[in-house]
Amino acid sequence: MKVASGICRAESRNEVIYALDCGGAYGLVDAGGEAGLDAKLAQLESDGIDPCKIAAVFVTHCHQDHAGAIPKLCADRPLRVVAHRLAVEHLRFCPAYTPIDTDLVHYTVDHGDTVELGDLVLQVHHLPGHTPDSVAWQLGDSLFVGDLLRCDGSLGWMDIHWGSCVGDYRSSLQKLLE
């Protein structure tokens with residue numbers, strides 16, 4: 001479903017991904033879980049997006065429902081995976097995280113970095129709290145926040161096993177307001 005110029009949304013199994021038109025290619029904000037990937041790709045295809053033209057995934061954080069489909073996406077097409085530097089460090093040690101081979105993360109970012117893909121420039125905002133590696137991706141006036149906030153305005157889940165931290169969450173919400 002088109003949500004703004006150059007931005008489409010797909011949802012399956014209560015997981016949401018966004019496809020960003022980069023001019024000749026597409027970047028995904030999150031990949032969702034592997035079980036719902038085919039349904040999400042079919043939705044994007046019905047919106048005129050060729051799944052073969054997906055060139056990158058911008059990961060908001062490495063939970064299964066946001067990053068679980070990355071190995072399958074990488075197996076089917078050349079793909080650049082971009083995630084916060086802490087995602088790579090935590091993937092190997094936290095059982096709540098998707099067991100993604102760290103070789104699949106091609107580019108790591110931190111707060112204030114920018115990433116270019118085709119015609120797009122995304123700004124990175126490190127917003128820990130839900131997880132230590134949580135980031136928001138900013139494209140103009142659009143901000144993709146992962147599980148920091150939900151569509152209904154509620155906060156994402158917190159769990160000490162994920163490295164959730166109330167103080168970090170509070171600080172990230174304050175940054176978001178600014």
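At a glance:
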{"quantity": "Scope region 137-162; condition surrounded by fewer than 22 Cβ atoms within 10 Å (Cβ to Cβ) and either part of a strand (DSSP E or B) or at positive phi (or both); matching residues", "calculated": "Gln138, Leu139, Gly140, Ser142, Leu143, Phe144, Leu149, Gly153, Leu155"}
{"quantity": "Members of region 114-131 that are open to solvent by 20 Å² or more (accessible area, probe 1.4 Å) and in a strand (DSSP E or B)", "calculated": "Thr114, Glu116, Leu117, Leu120, Val121, Gln123, His125, His126"}
{"quantity": "Enumeration of residues in region 37-67 that are surrounded by fewer than 20 Cβ atoms within 10 Å (Cβ to Cβ), over 15 Å from the mean Cα position of the chain (by Cα) and in a helix (DSSP H, G or I)", "calculated": "Asp38, Ala39, Ala42, Gln43, Glu45, Ser46, Pro51, Cys52, Lys53"}
{"quantity": "Test: residue in region 91-113 that is within 18 Å of Ser142 (Cα to Cα), open to solvent by less than 10 Å² (accessible area, probe 1.4 Å) and modelled with pLDDT of 95 or more", "calculated": "no"}
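The values are calculated or read from the model by the stated rules, or taken from the named source; none is laboratory data. From a predicted model like this one, the values you see are computed outputs, not experimental measurements. Glycine also receives a Cβ, built like all others from the backbone with ideal geometry; neighbour counts cover every protein chain displayed. Just so you know, the surface numbers come from the protein's heavy atoms only, side chains and all, with ligands and any DNA or RNA stripped out. Shrake-Rupley method; radii C 1.70, N 1.55, O 1.52, S 1.80 Å.
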